[in-house]
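Take a look at the structure set out below.
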Amino acid sequence: MLDIQIFRENPDLVRQSLQRRRQDISPVDQVIDLDQKRRALLQRVEGLRAEKNQASKAIGQSQDPGERQEKIADMKTLGVELEELETELKDLEPELEALLSTFPNLVDDRVPEGADESENQVMKTVGEKPEFDFQPQPHWDLGPALGILDFERGVKLSGTRFYILNGIGARLQRALVSFMLDSHTGHGYEERYTPFMVKEEVVYASGQLPKFADNLYHDHEDDFWWVPTAEVPLTSLHKDEILNEEDLPISYTAYTPCFRREKMSAGREVRGIKRGHQFDKVEMYIYCRPEDSEAQFLRMQADAERICLLLDLPYRVNNLCTGDLGFAAAYTSDIEVWAAGCGEWLEVSSVSNTRDFQARRAAIRYRPDGGKKTHFVHTLNGSGLALPRVMIAVLENNQQKDGSVVIPEVLHPWMGGVEVIEPL
RNA sequence: GGAGGGAUGGCCGAGUGGACGAAGGCGGCUGUCUUGAAAACAGCUGUGGGUGUUAAAGCCCACCGGGGGUUCGAAUCCCUCUCCCUCCGCCA
């Protein structure tokens with residue numbers, strides 16, 4: 001949510017940001033118009049209320065029955081007028097709120113111009129792509145051959161874009177989850193286990209609603225929303241709270257499954273486990289003071305990169321361009337790992353600074369030490385990392401000529417002695 | 001799912017139609033006293049919005065779980081929803 005103050009004082013800031021995102025700027029004037037109407041109305045309503053409060057008090061104190069009756073009659077007529085204006089105001093406020101909630105975050109100056117993901121900027125590339133003296137297989141061949149990936153039964157249970165992990169495959173994913181969580185908790189993140197179904201207001205707070213409802217699963221009977229990322233519950237952990245400055249920054253990590261309809265990308269990338277309706281992810285989330293969010297962003301990005309380094313996966317870091325930048329983000333870095341079998345860079349992490357955008361929606365504030373006024377915190381989120389794509393890279397990059405796959409050493413503590421996955 | 005009881009400020013807890021943004025206590029902050037601390041005493045101590053200002057003060061409005069209603073006037077009466085507690089049922 002953008003601060004309404006920006007629309008009053010510097011609406012060009014919003015217009016420029018929208019233009020950079022290649023979006024229509026006309027809603028800016030609608031907001032300004034509605035805001036002016038609202039404030040004019042509010043002042044009239046509050047004036048009448050003040051008058052009413054004063055008169056009611058006088059009635060209570062008055063001893064003269066005639067005077068009382070006269071004043072009560074006056075207040076009855078005032079009440080009618082007040083009621084009309086209040087109704088008008090009650091219609092106007094949600095209208096303004098609804099409109100304001102559709103504005104994406106202001107784009108940071110450093111975000112490169114671009115229409116879509118093809119114009120993202122590669123900031124750095126780390127590690128060497130593995131070399132093979134044979135033709136490396138993509139995971140959709142490798143997985144079934146190893147007996148750890150079963151597409152047919154996934155489809156039988158749930159349809160396209162679902163799969164089953166078998167035996168050591170399931171264990172590998174579990175090992176990756178544990179490895180990532182332990183890495184993050186070792187670097188100052190507190191682990192949280194959260195609900196995977198949440199209320200509408202929780203999905204709204206992090207910015208997925210109201211605009212992106214069609215990418216979410218929703219239970220109509222009880223009005224639950226299935227989380228598309230742990231960012232959603234982690235944002236609302238401190239919803240409606242006023243935090244102490246001394247407690248900041250607060251850093252969380254959480255493992256959750258993620259549920260997405262993927263309507264937008266119907267038909268795209270249906271092969272393999274790269275894009276499914278359900279996938280697992282370890283997420284990082286930070287609440288901090290505004291002046292610290294830049295440093296916390298770099299910290300979080302380093303924490304995501306560390307996972308790639310420890311797994312020995314070649315990766316690159318992209319600065320997302322304006323056209324690819326998410327709704328809540330001011331700026332975002334994506335991390336992509338190289339997968340040798342399918343020959344692709346796979347996005348495994350997205351680290352974003354949302355500044356006070358989510359904090360406003362979720363009403364998360366802090367009180368500076370010794371200060372009276374509260375301020376909104378800044379929040380950051382980042383994947384650390386998304387499981388299926390890490391699985392793809394681990395399998396494809398560590399395959400050998402005989403079809404076996406060598407498990408990275410850092411995962412051995414969780415693999416129950418298995419160091420190589422042998423083909424069936 | 002059934003029956004009953006609850007929800008008040010950071011916490012505890014009073015308040016059944018006007019003097020209540022809300023007694024009292026605890027906690028916190030400031031001051032006096034003290035070499036310092038403790039104790040004692042005094043004062044202050046919620047959030048959001050509007051207006052105002054260089055900034056502030058001030059003034060006004062709203063908020064006693066959420067929404068709606070009755071009334072000149074609601075923490076207080078009525079309806080409804082949510083959540084919590086107790087008992088029964090069911091269950092990993």
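Please treat every number below as a calculation from the coordinates, not as lab data. As the structure is a computational prediction, the values presented were derived from the model and not from experiment. With ideal geometry, Cβ positions are generated from the backbone for all residues, glycine too; neighbour counts draw on all protein chains shown.
Projection of the Cα convex hull of the stretch A:117-421, averaged over all directions and equal to a quarter of that hull's surface, yields 16.3 nm². Among A:Trp140, A:Trp225, a tally of other beta-carbon atoms within 10 Å of each Cβ gives an order, fewest to most, of A:Trp140, A:Trp225.
Each of A:Val198, A:Thr160, A:Gly186 was placed along the dipole of the stretch A:123-242 (beta-carbon charges, centred on the mean Cα), and the one lying farthest toward the positive end is A:Thr160. Quick check on my link table: of A:Lys199/A:Lys281; A:Lys211/A:Lys373; A:Lys156/A:Lys199; A:Lys239/A:Lys274; A:Lys129/A:Lys263; A:Lys281/A:Lys401, which ones sit more than 26 Å apart, alpha carbon to alpha carbon? With Cα atoms farther than 26 Å apart: A:Lys211/A:Lys373; A:Lys156/A:Lys199; A:Lys239/A:Lys274; A:Lys129/A:Lys263; A:Lys281/A:Lys401.
Maximal additional length on extending the A:Ser56-A:Leu89 stretch stands at 9.6 nm, based on 0.36 nm per residue less the C-alpha distance.
Modelled spin labels at A:Glu294 and A:Ser101, positioned 7 Å past Cα toward Cβ, are 3.3 nm from each other. Look at the alpha carbon pairs under 8 Å that are at least 6 residues apart: their mean separation over the length of the stretch A:117-421 gives a relative contact order of 24 percent.
Of all the options A:Lys274, A:Lys71, A:Lys37, the one that moves most in a Gaussian network model of chain A with Cα springs shorter than 10 angstrom is A:Lys71. The distance separating the Cα centre of the stretch A:281-320 from that of the stretch A:141-184 comes to 25 Å.
For the stretch A:45-86, what class follows from the C-alpha gyration tensor (a ≥ b ≥ c being the square roots of its eigenvalues): rounded when a/c is under 1.5, otherwise prolate if a/b is larger than b/c, else oblate? Because a/c hits 1.5 or more and a/b fails to exceed b/c, the stretch A:45-86 counts as oblate. Which of A:Ile273, A:Ile164, A:Ile59 moves the most in a Gaussian network model of chain A with Cα springs under 10 Å? Result for chain A, Cα springs under 10 Å: A:Ile59 fluctuates most. Its Cα centre serving as origin, the stretch A:117-421 has a Cβ charge dipole (Lys and Arg +1, Asp and Glu -1) of approximately 500 debye. The distance between label points at A:Arg49 and A:Ile32 comes to 2.8 nm (points 7 Å beyond Cα on the Cα→Cβ vector). Between A:Glu81 and A:Val406, the simple label model (points 7 Å from Cα in the Cβ direction) yields a spacing of 8.6 nm. The convex hull of the Cα atoms of the stretch A:56-146, projected and averaged over all directions, covers 17.1 nm².
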